[in-house]
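**Q** My questions will all concern the structure given below.
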Amino acid sequence: MYCIRFASSLMPRPTLHSYFTLPPMYLQDLKHVWRDTWLCVQEHIVFIMIIISLLLLASLLPHLTFTARVNVDIVNGKEAKPHSRPYMVSLQKDKKHICGGFLISDEFVMTAAHCWKGYPEILTVEVGAHDLWKSEVSYHVEVKSYISHPHYTFCSQWNDIMLLRLQEKVKLNDYVNWISLPKEGDVSGDTLCSVAGWGRLRTKGPTSNRLMEANTTTINHEECQRKWGSKYFQASQMICAYGHGGSCLGDSGGPLVCGNTAVGVTSFGSRIRCNSPAHPTVYTKISAYLPWIHQIIRNIKPIS
């Protein structure tokens, strides 16, 4: 059964995990550190030292513990030629950019599953955009339904892929068009690809209102596995890539484009440093989900 969520004011508001959702391993590690520290302190020092110890632990933990994070954007890139990537869309809540995405037909957008947290509000996609601060030739289309992969959960980056069915078909032109999906198979290591998006230009830096792009190179599965570990990286459903420019906070859901084909969906990267060579950005491998994608599109009644 597929997870199809319709935007409705009757939907209960879920607990928001924010775009900085911490993966299970991080949360478990934090719980163990907290419990062990509490027991030790309780036995050996006075109450005031408990507060001091926990404050010190909280300040040091980001530097001692590596975690993955979701929602990434472009660093060390350049401004894309206006409308050179007509498939790019901005997924928005209250007309504020929250994620990237890309058209795969005139009524479906592909993005990352973690971009949808179960908001009761209706989300929109802005198509035909280059500068989000200007109207240009862009316009907004409401999302009719949110179809997350059935095996995706908020607490995991696995199966981080989602289809958005639009309320109406977009009009295809020089500014709005879809991008091809891959055939079955894998992308070999050391393949030159590109990423694009709106968002932070560097770690903890400002976002960009204009579409940015950067080249990145895929890395073989063995190296990705070694750098991320099996709890994060699954070769059967993921691709990782690194380059001088790459992804950072703010543009999850955008495509990894190799040639003229979208081969991946931007999923997660390092929490400590954007575009980190030690922990390259990970993308959901689209070819692993082709049967699911085709079945969804084939079985949903077309928009009249």
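The values are calculated or read from the model by the stated rules, or taken from the named source; none is laboratory data. Not measured: the values here are computed from a predicted model. Note that we place each Cβ from the backbone using ideal geometry, even for glycine, and neighbour counts take in every protein chain shown.
**Q** What is the one condition in (1) in contact with a Ser or Thr (Cβ under 7 Å, 6 or more places away or on another chain); (2) more than 23 Å from VAL263 (Cβ to Cβ) that SER135 does not satisfy?
**A** (1)
**Q** If you don't mind, another one. Regarding the range 114-123, can at least one residue be identified that is part of a loop (DSSP other than H, G, I, E, B), hydrophobic (A, V, I, L, M, F, W, C), outside the structural domain of VAL263 (by TED's automatic domain parsing) and in contact with a Phe, Trp or Tyr (Cβ under 8 Å, 6 or more places away or on another chain)?
**A** yes
Quick grid of which residues meet (1) closer than 27 Å to GLU142 by Cα; (2) at pLDDT below 90:
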residue: ASN71; (1), (2): yes, yes
residue: GLY77; (1), (2): no, yes
residue: HIS83; (1), (2): yes, no
residue: SER90; (1), (2): yes, no
residue: GLY100; (1), (2): yes, no
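**Q** Could you list, in sequence order, all residues of the range 247-298 that are modelled with pLDDT under 95, part of a strand (DSSP E or B) and small (Gly, Ala, Ser)?
**A** If the condition is that a residue be modelled with pLDDT under 95, part of a strand (DSSP E or B) and small (Gly, Ala, Ser), then SER247, SER267, GLY269, SER270 are the ones that fit.
**Q** Quick one: in the range 133-159, of everything that is in a loop (DSSP other than H, G, I, E, B) and touching a Phe, Trp or Tyr at 6+ places or on another chain (Cβ under 6 Å), which residue is nearest to GLU79 (Cα to Cα)?
**A** Top of the filtered list is VAL137.
**Q** Also: Test HIS244 against the stated conditions and say whether it is surrounded by fewer than 16 Cβ atoms within 10 Å (Cβ to Cβ), without any contact (Cβ under 8 Å) to a residue 40 or more places away in the chain and part of a loop (DSSP other than H, G, I, E, B).
**A** no
**Q** Residue under question is SER105, and the condition is that it be in a loop (DSSP other than H, G, I, E, B) and in contact (Cβ under 8 Å) with a residue 40 or more places away in the chain; does it hold?
**A** Details: in a loop (DSSP other than H, G, I, E, B): yes; in contact (Cβ under 8 Å) with a residue 40 or more places away in the chain: yes.
Considered against the rule, which asks whether it is in a loop (DSSP other than H, G, I, E, B) and in contact (Cβ under 8 Å) with a residue 40 or more places away in the chain, SER105 comes out as yes.
**Q** Among the residues of the range 277-291, how many are surrounded by fewer than 18 Cβ atoms within 10 Å (Cβ to Cβ) and either out of contact with any Leu (no Cβ under 9 Å at 6 or more places or on another chain) or farther than 22 Å from PRO255 by Cα (or both)?
**A** Residues that pass the stated criteria total 3.
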